[in-house]
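A short write-up of the structure that comes next.
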Amino acid sequence: MAYTEPSETPVEIDTGTAYGMATPTFDPELIEVEAGTPTGEMLRRYWHPFAVAADATDVPKPVRILGEDLILFRDGQGRPGLVHPRCCHRGTTLYYGKVEDDGIRCCYHGWLFDVEGHCLDMPVESGRGQHRDRYRQPWYPVHEYHGMIFAYLGPPEHKPPFPTYDIFDDVPDGWHIVADDNNIGLEGDPTPCNWFQTHENVMDPFHVFVLHAGFSGNQFVAEMAGLPEVSWHFTDHGVKSHQDRVLDDGRFFHRVTEVLVPNVRIVASPFVEFNGPAASVAWTLPISRTETKIFTLMKRPLDAPLPRALYDGKRWGELTEAEHQRFPGDYEAQVGQGAITWHSEERLAGSDRGVSMFRTAFKRVLHAVAAGEPAPTPGHYAVKAGNYIGDRDEVIHLGE
C-alpha cells in the first residue's frame, strides 16, 4: 500500500468555549455588609430604614439589618426600641419578651430594659436590683421620619445628624407622605441577592429601553419607551444621570435620576404621573450579603393608588414561573446575576459608565472612612431628580 503524506490543511479548532474558565470572584468592597469589614463599617456610618411605623408594636418583631439580628418594639409611651435579641442576663431571646410602658421585659427572669437598653427592674434581685445601673442591654438608636423607622448601627461618636429631603418639606393640601416597604412591587418580600447589584442598577438607564420598554413589552408608559441620550455626572454625594428624549408630540423629556452614597436612590416615577421634581426617596437596605429590601417614602395625592408595574397586564406576584421567564423585570435580571454577582466575569461597555462612576464614588467614601475620615452626609438634601417635560430650552437646565 502506497505511503500518503499527512494533510497540511490546518484543523479548525473551536475557541471561546467555556472550557477552562477561571474560578470567578467578586469584589468584596462592593458586597460586604458585616461589622468589622471595611464596607460594613462604612455602611454603619449612615442611617438605614428597616421598618415602617406600623411594624413597631407591643409585640417584639425580629428584624435583620446589615447582617445583624435584632428585636424591634414600641413601648407603652410610644417610643420605638431596637435591641440585641440575646438578653444580657442569661442569654434567652427577647423575642418572647413582654413590652410594657417603660420598655421590654425578659421572659426568663423579668429584667426590664428601656428603649436605650437601661436596666430598670430586676424583680428577683435584692431591692429589685440595687445595682441595675451596672447592666445594659445592647441597643441601637432609632429615628422615625414620615412613618419610616431608621436605625444607626455605627460608632456612637460618629453618629451623623439625621438627613432630610426638601421634597418632603411642603405637602400640598390633599396630599400625604406614604411610607412603603413593598420592595418596589415585590409585595414586601426581600430580594434574594446582594444589595449593591440592585442599587447600581439605578445608574443604568439603558436597561429601561431594553428590559422595561422592549423585551417584556412596555411596562411603564409611552414617554419612557424611547432610546434616550444619556450623560452621567458626579455630585457632592454620588452620581446622577440625565436622560433626554424627544416625544412623539415634539415635547422634550428631560429626566434626572440620582444615587447618593451609600444606598439612597431618588428616581422620579417611571409612570410619569407628575411633571417636575421627583416625589419620592428610596433606600436599598442591605439585610445581609444575600438579602435586600427597598424602602420608599412617597409624596402623593390622598386618593391616588400606589403605582405598580404590570407584566402582560398582571402584577409581578400574579405571574406564573413561565410568565416570569417571558416577561422578566428588574427582579429577574438582578437576581439572575446570582446571590452575589461575579465581578470578575463582567465585561463593562460604554453604556455602563454610570455603573462604573457609582462604584468609584462608593469606593472613594469607603477608602476615606477606612482612613479615619468622617463619612460625608447630606444634611438637608435638595433633590435634583425629576421628570421635566416641555420646551427644550425651558427644561434642559432643570435638575442641574
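The values are calculated or read from the model by the stated rules, or taken from the named source; none is laboratory data. None of the values given here were measured: they were computed from a predicted structure. So basically every Cβ, Gly included, is an ideal-geometry build from the backbone, and we count neighbours across all protein chains shown.
Summary of computed values
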{"read-out": "Failed criterion for ILE71 (all others in (1) of a type in the set (A, V, I, L, M, F, W, C); (2) touching a residue at least 40 places away in the same chain (Cβ under 8 Å); (3) crowded, with 16+ Cβ neighbours inside 10 Å hold)", "value": "(2)"}
{"read-out": "Of the criteria (1) buried (at least 16 other Cβ atoms within 10 Å of the Cβ); (2) over 18 Å from the mean Cα position of the chain (by Cα); (3) touching a residue at least 24 places away in the same chain (Cβ under 8 Å), which one TYR331 fails", "value": "(2)"}
{"read-out": "Cβ pairs under 6 Å, 6+ apart, first in the range 296-311 and charged (D, E, K, R), second in a loop (DSSP other than H, G, I, E, B)", "value": "LYS299/ALA279; ARG308/GLY185; ARG308/ARG315"}
{"read-out": "Spans of helices (runs of 4 or more DSSP H) in the range 302-384 with at least 2 residues under 30 Å from HIS176 (Cα atoms) and not hydrophobic (A, V, I, L, M, F, W, C)", "value": "330-335"}
{"read-out": "All positions within the range 202-230 that are of a type in the set (Asp, Glu) and within 23 Å of the chain's Cα centre (by Cα)", "value": "ASP204"}
{"read-out": "Search result, residues across the range 142-183 that are outside any strand (DSSP E or B), in contact with a strand residue (DSSP E or B) (Cβ under 8 Å, 6 or more places away or on another chain) and closer than 22 Å to HIS237 by Cβ", "value": "HIS146, LEU153, LYS159, PRO160, PHE162, PRO163, ASP166, ILE167, PHE168"}
{"read-out": "Subset of the range 51-68 [of a type in the set (D, E, K, R) and either touching a residue at least 60 places away in the same chain (Cβ under 8 Å) or on the phi > 0 side of the Ramachandran plot (or both)]", "value": "ASP55, ARG64, GLU68"}
{"read-out": "Residue ID - surrounded by the fewest Cβ atoms within 10 Å (Cβ to Cβ), chosen from residues in the range 78-120 that are within 25 Å of PRO49 (Cα to Cα) and of a type in the set (A, V, I, L, M)", "value": "VAL99"}
{"read-out": "Subset tally (residues that are over 28 Å from PRO262 (Cα atoms) and either touching a Cys at 6+ places or on another chain (Cβ under 6 Å) or part of a loop (DSSP other than H, G, I, E, B) (or both)) for the range 385-400", "value": "1"}
{"read-out": "Conditions (1) more than 28 Å from the chain's Cα centre (by Cα); (2) at pLDDT 95 or above: number failed by PRO62", "value": "(1)"}
{"read-out": "The range 206-226, subset touching a helix residue (DSSP H, G or I) at 6+ places or on another chain (Cβ under 7 Å) and in a loop (DSSP other than H, G, I, E, B), residue modelled with the lowest pLDDT", "value": "GLN219"}
{"read-out": "Failed criterion for LEU302 (all others in (1) modelled with pLDDT under 90; (2) of a type in the set (A, V, I, L, M); (3) exposed (fewer than 15 other Cβ atoms within 10 Å of the Cβ) hold)", "value": "(1)"}
{"read-out": "Hey, VAL99 touching a Lys or Arg at 6+ places or on another chain (Cβ under 8 Å) and in contact (Cβ under 8 Å) with a residue 24 or more places away in the chain or not", "value": "yes"}
{"read-out": "Selection from the range 35-75 of residues that are of a type in the set (S, T, N, Q) and not assigned by TED's automatic domain parsing to the domain that holds LEU94", "value": "THR37, THR39"}
